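So the structure is just underneath, and the comments pick up after that.
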Amino acid sequence: MRAKLPAARTLVRLPERVHPMALKTWQVTTGAAVLGLVIAAGAVSAAGPWDSTGQRTAERDWAAGQRPGGGADHGARGGDDKPGPAPSAPEVLAALGAPAAGGPARSGSPQGSSSGGAAGAVPTAHGLGALLDPLLADASLGRSRTAAVVDVATGRQVYGRDAGKALTPASTTKLATAVAALSALGDEHRIETRAVLEDGDGHGTPRVVLVGGGDPTLTARSAAGPQASLEKLATATAHALADRHIGHVTLAYDDSLYAGPRLHPIGPNENLAPITALTADEGRLDHSTSGPAPRSTDPSGDAAAAFAGFLKDHGVGVQGKPGSGKAARHAERLAAVSSPPLSSLVERMLTNSDNDIAEALARQTALAAHRRADFAGGAQAIRARLAGLGLPMSGARFADGSGLNRADRLTADLLTALLAKAGDPGRPELRPVLTGLPVAGFTGTLEHRYGAAADRPATGLVRAKTGTLTGVNTLAGTVVDHDGRLLAFAFMTSDSPSAPATQAGLDHLATALTQCGCS
């Protein structure tokens, strides 16, 4: 059948930034509900969750916790200032066909669908082809382009164009890194940074060793929020030293957990600091928290120097300059701080396309697999985890965790399979892969896209990971179509002549899916 354009629908009142045409109240609500988030339809129609910070604010506030942790963005809570468990969303597919809590049921939706009883028919290859084939023919997409669309409820591919052909994925590689890390470590895994005490330097001065565990979000800034704080670690360490009547120490740092070269093959770059097991604020030399920035050439040494300064602020005398040194096995634990849960790290990585977190998680996955924590070990561990999940690995090649390496190769088949696996009700630990996707027009790397008139109907409805290198553009994510089906999609291009034009073409493809009644 021919692809259908949206029929007339009830409009939702949204801020001016979101063009109201083509948005249904139920479609906006379902856009959150399919990620397991119960948002009242009345709040949506009153513009409630669609505030200046985007849909994720509503998701954070309205997510229904069904498990102890994992799945939605979160912050610190409780009296001990430790990051609280991430509230999990209920099973993704169970909510797909249901009306939002407190909201009306959708009218005109077929019953008996596999997604919970209210979503429409599964799109057909013919219907999707009629919609997508002309858009994929756009010359601005470059010489090579591949595509895949999967119905998440059934896991079945409903559209493919060279979907098994491997291309350079750029930052959509982070979807693979996220699934591998979450499946290997669990969504509540935390990364510890600790301080230990040794006998000393042979002259009676005790030695404190700052031991890095690979936390990529460790911060030396005063406003730490839910992140592990070097200042708090120094405060606890100073108190522990005072309890032992120790006022003067030497200081060393141990970043030996990671192996291999610290520099990515692309060399010194503002998109990624040297990769070490001990770094504060991603080695950023400005006050930024995301995006390109000038980076330290010695993140470990800088973190140790900051720690030494905090110790001095608390009256501990630190002799000399901190140096590199491996902590002894018998060293006494003084204090420790832990990262937010892995669910939070994954969300931040995907939303901001954070390369530092991606490379750290690749190494954490390698450690979980008892492999060498370097580029090669991380790549091997990611591939092994994904293969163990039964994902289509033909043609896939991993050279890093971030996608900065052009040697990476993924297929549209694999990208959509990763997203579908994250929507599997039996895999709730993978849900952050979906909740962390940038929201079109609102968050992360999609915040400033979907502004063109043709794409405004998809604002807030498309969730997708972007990938951009010179001549390479990808987009992979999820969308709720006109009939209420949750679709996972991947569009990959290479040898594209113009990044802005190619990105616009990819946005048009995702927008088309929101308007598709392609049964």
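The values are calculated or read from the model by the stated rules, or taken from the named source; none is laboratory data. The structure displayed is predicted, hence computed values, not measured ones. Cβ coordinates were reconstructed from backbone atoms using ideal geometry, including for glycine residues, and neighbour counts include every protein chain displayed. We work out accessible area using only protein heavy atoms, side chains counted, and drop any ligands, DNA or RNA first. Shrake-Rupley method; radii C 1.70, N 1.55, O 1.52, S 1.80 Å.
Overview of results
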{"read-out": "Selected residue (only one of Thr459, Thr502, Thr514 is buried (at least 24 other Cβ atoms within 10 Å of the Cβ), in contact with a His (Cβ under 9 Å, 6 or more places away or on another chain) and more than 23 Å from Lys421 (Cα to Cα))", "value": "Thr459"}
{"read-out": "Output for segment 103-141, where each listed residue is of a type outside the set (A, V, I, L, M, F, W, C) and at pLDDT 90 or above", "value": "Pro123, Thr124, His126, Gly127, Gly129, Asp133, Pro134, Asp138, Ser140"}
{"read-out": "Condition check for Arg406: modelled with pLDDT of 95 or more, of a type in the set (D, E, K, R) and open to solvent by less than 10 Å² (accessible area, probe 1.4 Å)", "value": "no"}
{"read-out": "Strands (runs of 3 or more DSSP E) completely within segment 459-517 that count 3 or more residues being polar (S, T, N, Q)", "value": "472-480"}
{"read-out": "Per-region count, segment 264-286, residues surrounded by fewer than 17 Cβ atoms within 10 Å (Cβ to Cβ) and either touching a residue at least 12 places away in the same chain (Cβ under 8 Å) or at positive phi (or both)", "value": "6"}
{"read-out": "Members of segment 287-328 that are within 21 Å of the chain's Cα centre (by Cα) and either surrounded by 14 or more Cβ atoms within 10 Å (Cβ to Cβ) or among the charged types (D, E, K, R) (or both)", "value": "Thr289, Ser290, Ala293"}
{"read-out": "Members of segment 361-403 found to be on the phi > 0 side of the Ramachandran plot and crowded, with 19+ Cβ neighbours inside 10 Å, listed by number", "value": "Gly403"}
{"read-out": "Selection status of Leu334, open to solvent by 10 Å² or more (accessible area, probe 1.4 Å) and not in a helix (DSSP H, G or I)", "value": "yes"}
{"read-out": "Segments classed as helices (runs of 4 or more DSSP H), wholly inside segment 366-437, with at least 1 members that are of a type in the set (Asp, Glu)", "value": "412-422"}
{"read-out": "Some residue of segment 252-259 being over 24 Å from Ala358 (Cβ atoms), modelled with pLDDT of 95 or more, outside any helix (DSSP H, G or I) and open to solvent by less than 30 Å² (accessible area, probe 1.4 Å)", "value": "yes"}
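Here is a yes/no grid of residues against (1) at pLDDT below 95; (2) open to solvent by 10 Å² or more (accessible area, probe 1.4 Å):
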| position | (1), (2) |
| --- | --- |
| Pro425 | yes, yes |
| Leu475 | no, no |
| Val480 | yes, no |
| Leu487 | no, no |
| Ala490 | no, no |
| Ala510 | no, no |
| Cys518 | yes, no |
